[in-house]
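Visitor: For reference, the structure I am asking about is given below.
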Amino acid sequence: MTFTIIGETPSKKNSRINTSSGRSFPNKNYVRWHSSAITQIRMQDIKPMPIGKRLSLTLTFYHGDMKRRDSDNQCSSILDTLIDAGIIADDNWKIIPIKHIYDSFDKGNARCVVNIEELD
């Protein structure tokens, strides 16, 4: 199954607000992107992957500008979104033992193309 999430994927890890009490929250830009990404997934009518199946995940990030980004942190943002959207049950290594991450440049057209395949 292949689908696209439009927009530059922010890093959840690097987009956190730390409070004086020691609590940590994702910033508003991440929360806004996360909500938009879930809506985009639902609009594409993506079906959940069967529970108990091992999966291979390929993420291709098309960056809309030449800013420096950390794709492994962007991968975590996508994985968390797939869980929250109900597409995958979990992102542990037993469920997704294979992950491929690619980066490319497409001026002004940031997006992430997600491909998930069953291994079993």
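The values are calculated or read from the model by the stated rules, or taken from the named source; none is laboratory data. No experiment lies behind these values; they were computed from the predicted model shown. Cβ coordinates were reconstructed from backbone atoms using ideal geometry, including for glycine residues, and neighbour counts include every protein chain displayed. SASA here: full protein model, heavy atoms, side chains in, ligands and nucleic acids out. Shrake-Rupley method; radii C 1.70, N 1.55, O 1.52, S 1.80 Å.
Visitor: Along the charge dipole of the chain, Cβ charges K/R +1 and D/E -1, which of I88, S56, W33 sits furthest on the positive end?
Guide: The residue sitting farthest along the positive end of the dipole is W33.
Visitor: What is the gain in length, in nm to one decimal, between R23 and M43 on full extension, counting 0.36 nm per residue of separation less the C-alpha to C-alpha distance?
Guide: This chain segment gains 3.9 nm when fully extended.
Visitor: Quick one: what Rg and Dmax do you get for the chain from the alpha carbons, in Å?
Guide: 14.5, 47
Visitor: What 222 nm value per residue comes from the helices of the chain, counting each DSSP H run with n ≥ 4 as -39,500 (n - 2.57) and dividing by all residues, nearest 500 deg cm²/dmol?
Guide: -8000 deg cm²/dmol
Visitor: With a 1.4 Å probe and every protein chain kept in, tell me what percent of the accessible surface of the chain is carbon plus sulfur.
Guide: 51 percent
Visitor: Hey, another quick one. Each residue of segment 48-55 in order: what ³J(HN,Hα) in whole Hz does its phi give by Karplus 6.51 cos²θ - 1.76 cosθ + 1.60, θ = phi - 60°, with x for Gly and Pro?
Guide: After applying 6.51 cos²θ - 1.76 cosθ + 1.60, I find x, 6, x, 5, x, 8, 7, 10 Hz.
Visitor: What does DSSP give for the chain in terms of the percent of beta bridges that are antiparallel, rounded to the nearest 5?
Guide: Roughly 65 percent of the DSSP beta bridges within the chain come out antiparallel.
Visitor: Going Cα to Cα from K67, which lysines come in below 28 Å? Please leave out same-chain ones fewer than 8 positions away.
Guide: Of all the lysines, those that pass the test against K67 - Cα under 28 Å, at least 8 places apart if same chain - are K12, K13, K28, K99, K107.
Visitor: For the chain, report the accessible area per residue in Å² (1.4 Å probe, heavy atoms, rounded to an integer).
Guide: So the chain comes to 60 Å² accessible per residue, rounded to a whole number.
Visitor: Would you work out the charge dipole size for the chain about its Cα centre, treating the Cβ of every Lys and Arg as +1 and the Cβ of every Asp and Glu as -1, and quote it to the nearest 20 debye?
Guide: 440 debye
Visitor: Shifting gears a bit: Label R68 and V31 with points 7 Å out from Cα along Cα→Cβ: what is the distance between them in nm?
Guide: 2.9 nm
Visitor: I'd like the antiparallel share, as a percent to the nearest 5, of DSSP beta bridges with both residues in segment 58-120.
Guide: Bridges in segment 58-120 are about 45 percent antiparallel.
Visitor: Let me ask something else. Sum up the charges of everything whose Cβ sits under 14 Å from the Cβ of K53, counting Lys and Arg as +1 and Asp and Glu as -1, but leave K53 out.
Guide: Local charge sum for K53: -2.
Visitor: While we're looking at this one, here's another question. Percent relative contact order of segment 21-120, based on C-alpha pairs within less than 8 angstrom and at least six residues apart?
Guide: Averaging sequence separation for qualifying contacts and normalising by length gives 44 percent for segment 21-120.
Visitor: Lysines near K94 by alpha-carbon distance under 22 Å, same-chain residues fewer than 8 away left out - which ones?
Guide: K47, K53
Visitor: A follow-up question, please. Give, in nm to one decimal, the length gained when the segment between D120 and H100 is fully stretched (0.36 nm per residue of separation minus the Cα-Cα distance).
Guide: In short, 5.4 nm is gained.
Visitor: Express the Stokes-Einstein translational diffusion coefficient of segment 77-118 in µm² s⁻¹, to the nearest whole number, given a Kirkwood radius over alpha-carbon pairs, 20 °C and a viscosity of 1.002 mPa s.
Guide: In µm²/s, the coefficient rounds to 179.
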